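Shown next, in structure tokens, is the structure this report addresses.
Each value in this text was obtained by applying a stated rule to the coordinates, not by laboratory testing. Keep in mind that this is a model prediction, so the values were computed, not measured. Reconstructed Cβ throughout: ideal geometry from the backbone, glycine too, with neighbour counts over all protein chains shown.
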Amino acid sequence: MFLHNRINKKELKERLKSDTTARKTISFYRYVILENANDLRDKLYKDLSAMNALGRIYLAYEGINAQMSIPEANYVNFIAYLDSYQEFKNMPIKAGVEDDGKSFYKLAIKVRKKIVADGLEDGTFDVTNVGKHLDAVQFNEALELPGTVVVDMRNHYESEIGHFENAICPDVDTFREELPMVAEMLKDKKDHKILMYCTGGIRCEKASAYLKHKGFSDVNQLHGGIIEYARQVKEQQLPVKFKGKNFVFDERLGERISEEIISKCHQCGAVCDAHTNCANDDCHLLFIQCHSCKKTMQGCCSEACIEVINLPVEKQRAIRKGSVKEDSLSVYKSRLRPNLSELNLESEKINHIQKNMDLK
């Protein structure tokens with residue numbers, strides 16, 4: 001048996017569209033010592049493939065971080081399988097908020113140095129000395145207390161489409177950038193009540209421990225992250241303090257938590273919170289695109305990408321391999337920070353380009 005996927009992405013996505021298997025999207029993590037992550041990786045791949053499990057798992061000496069899609073018919077067996085490992089026994093599982101079973105199209109299991117890239121090399125930093133875990137009720141109550149500081153521990157493209165009321169949303173691309181930035185931003189608030197939150201809780205485990213390491217006295221984190229918060233407020237009919245969508249790292253790219261739409265299309269400025277990846281595989285830029293621009297722009301972020309996706313497949317492949325270097329795209333300084341408004345993407349100009357495009 002091959003211990004990795006060997007089918008191309010396009011075929012896998014087509015299979016996913018037509019697959020009627022009832023599935024559950026879940027996520028889980030645990031900081032626990034894994035002595036031989038490489039051997040464990042291969043065993044997990046064999047066993048989970050046999051269950052038709054899809055998703056993404058990161059293993060490291062410090063633990064496991066997983067986002068998965070499990071067939072409902074195999075879910076009980078999957079939980080029993082996790083429990084068969086002492087390291088994973090009684091794993092807290094978070095279920096997806098909006099789940100149509102189309103979250104992942106393949107199984108990928110990777111061994112990494114850390115399960116969350118934090119950039120920290122401080123040997124005195126104790127990752128197990130975390131902040132106080134708050135449920136949805138406690139988090140809502142803490143938000144109302146005078147002097148409370150709430151911090152979004154996610155990246156800018158995540159908080160752009162959704163965040164808690166009055167949250168500090170650091171302007172960063174990566175978690176490793178955010179940790180020292182937050183500590184510096186809050187250096188004069190070490191005696192304040194600090195509330196932290198992220199998607200599923202794992203980044204806050206690191207972040208809360210880091211702030212405690214830096215001398216903050218009252219550090220708190222949303223237990224289970226936004227995913228678990230959304231479940232609890234719905235189940236208990238609580239006030240929803242989160243506005244907008246929760247960005248998720250799978251094919252859906254977002255789960256709606258509240259009805260507010262707080263972001264705009266990066267191309268035309270219309271109210272929109274739908275992330276997409278540029279249809280040009282040589283670019284694959286992550287950006288927000290409304291339905292109208294998606295149709296006009298053929299799912300692309302720029303005129304240059306429209307030209308590429310309308311080239312013959314062989315030439316597109318050549319561009320991706322870099323053999324046609326003059327055609328390779330380097331439109332942005334950052335793939336996560338498009339400034340599409342500067343590209344003058346008026347619909348009339350785009351239509352003119354499409355009509356006169358050389359498809360040879």
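Quick notes on this one:
- As a proxy for reagent exposure, T174, T25, T276 were ordered by neighbouring Cβ count within 10 angstrom, fewest first; the result is T174, T276, T25.
- Phi to ³J(HN,Hα) by Karplus 6.51 cos²θ - 1.76 cosθ + 1.60 over the stretch 81-87, Hz, x for Gly, Pro: 5, 4, 5, 6, 9, 4, 5
- Exposure proxy ranking for R317, R56, R6, based on other Cβ atoms within 10 angstrom of each Cβ and starting from the fewest, stands as R6, R317, R56.
- Amide H contacts under 5 Å for H163, placed H, 5+ residues apart: K243
- For the stretch 177-191, Karplus couplings with θ = phi - 60° (6.51, -1.76, 1.60), whole Hz, Gly/Pro x: 6, 6, 3, x, 5, 5, 4, 6, 4, 9, 4, 8, 10, 5, 9
- Each Cα pair of the chain feeds into the Kirkwood radius, which the Stokes-Einstein equation turns, at 20 °C and 1.002 mPa s, into a diffusion coefficient of 96 µm²/s.
- Proximity of backbone amide H atoms, modeled 1.01 Å from N, is registered between G201 and G225, I226 at under 5 Å, excluding neighbours fewer than 5 places apart on the same chain.
- Amide H contacts of K193 (H built 1.01 Å from N, under 5 Å, at least 5 apart or other chain): V149
- Each helix, a run of at least 4 DSSP H residues, gives -39500 (n - 2.57); summed and divided by the residues of the chain, these come to -9000 deg cm²/dmol at 222 nm.
- Dipole check for the stretch 210-258: with +1 at the C-beta of Lys and Arg, -1 at the C-beta of Asp and Glu, and the Cα centre as origin, the magnitude is about 180 Debye.
- Using R0 = 30 Å, the C-beta based FRET efficiency linking I33 and K9 works out to 0.30.
- Taken over the alpha carbons of the stretch 132-236 as equal point scatterers, the Debye sum produces base-10 log I(q)/I(0) values at 0.11, 0.13, 0.14, 0.19 Å⁻¹ of -0.29, -0.40, -0.47, -0.90.
- Inter-label distance for K132 and A80, nm, one decimal - labels placed 7 Å from Cα along Cα-to-Cβ: 4.1 nm
- Each residue of the stretch 149-161 was assigned a 3J(HN,Hα) from its phi angle through the Karplus expression (A = 6.51, B = -1.76, C = 1.60, θ = phi - 60°), giving 10, 10, 10, 7, 8, 10, 7, 4, 6, 7, 6, 4, 9 Hz with x at Gly and Pro.
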